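First comes the structure, then the notes that go with it.
Laboratory data are not the source of any read-out in this text; all were calculated from the coordinates shown. Just so we're clear, the structure is a prediction, and the values are computed from it rather than from any experiment. Methodologically, a virtual Cβ is constructed for each residue, glycine included, from the backbone with ideal geometry; neighbour enumeration extends over all protein chains shown.
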Amino acid sequence: MNTTIAAISTAVSASGIGIIRISGPEAMDVISRIYRSKGGKKKIKEVPTHTIHYGYIYDGEEAVDEVLVMVMRAPKTFTGEDTVEIDCHGGVYAMNRVLETVLKNGAKIAGPGEFTKRAFLNGRLDLSQAEAVMDVIQAKNEYALKSSLSQLKGSVLTSIKEIRSSILYHIAYIESALDDPEHISLDGYPEQLLKVVKIQEKKMDHLIATASDGKMIREGIRTVILGKPNAGKSSMLNLLTGENRAIVTDIAGTTRDVLEEYINLHGITLKMADTAGIRQTEDVVEKIGVGKAKELAKDADLILYVVDSSTSLDENDHEIMKMLEGKKAIVLYNKTDLDPAVTTEDIRALVSHPVIPVSAKEETDRRTGRTDPKAFLSGGNHF
């Protein structure tokens, strides 16, 4: 990595401050060519590491912007290389002008993720930490941020190192016993080793099992809204998002394609999908929508099954109930503002999942009378 790279490290949009990062063996040479202090006497190459300096960026004799320059010398930097960060005004044009000046004076434009790549290649991060950098940036909720920060601090690496250290110790012990059987006995050792193996196996199983939990925390819980046509699925999506995202009419089969939205529920992100109503149909377009709904249900982390309490259960409801088997689901007993044709007891006799009376029209959880549109999800441990 003999090249010196540079890029805008903040969002390329109008803001108070923009940061241009330079990293590589010639980072100090590049900044010395374009930086001038207010008095013009300071030599930026000679300043102590991890210090900040006020001044101006010049392109030849033209002042480009008023800046603060942070100087960080290797190896105690993010990339492990000499690094300079230029804090300039956050206008898009201003940031691009400063970056152009940097590139004209010896740096090359950084590729996507190249700073993190260099941090990994220089031993500043392991792969799990490198992955966590992007997770921190893209965190959609509080739990995702905490999880990513924990991984960035090395929580995953620490667990792996502990497992590896235990395995290496016992490999070394066995090899030593084979080389020197007179002084190192293996009597009773197989039983001891079996206990150690089982402990480490549990730790590895835990890491593997929590990997999917981490994905849900980062990307959101894949939540699919299922039900017959006109059961109130789209109304439920609108209620949860607080916006009229889905078209709602009295005509059965209005929703034909999948509509996805994100909602945040007490720090957890739900990736909601409103789907076509499940029923037997000869309509070609609607049939495709029903097929998509069934496919999404197979991969869903959570299913919200919306039941129209004002109509009797039929073969379509029984088909949906079969789809709920082995899945985490909540049954929403909807349209409680109308006269019921089926009771909650009837539904509970057919499914093992929580059944919650709601009215999407009145925006009410009928158990509590609360008008919080997300109350029925937060009222119990459904996840």
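So the values come out like this:
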item	result
Sites V12 and V285, calculated FRET efficiency, Cβ-Cβ separation with R0 41 Å, nearest 0.05	0.55
Segment T311-L207, extension gain: residue separation times 0.36 nm, minus the distance between their alpha carbons	32.8 nm
Net charge of Cβ neighbours under 10 Å - reference I19; Lys, Arg +1; Asp, Glu -1	-1
Extension reserve of the D337-A177 stretch, reckoned as 0.36 nm per residue once the Cα distance is removed	49.9 nm
Under the Karplus curve 6.51 cos²θ - 1.76 cosθ + 1.60, θ = phi - 60°, whole-Hz ³J(HN,Hα) for the stretch 329-337, x wherever Gly or Pro sits	8, 10, 9, 9, 7, 8, 6, 6, 7
Segment K41-S352, length gained on full extension (0.36 nm per residue, minus Cα span)	104.2 nm
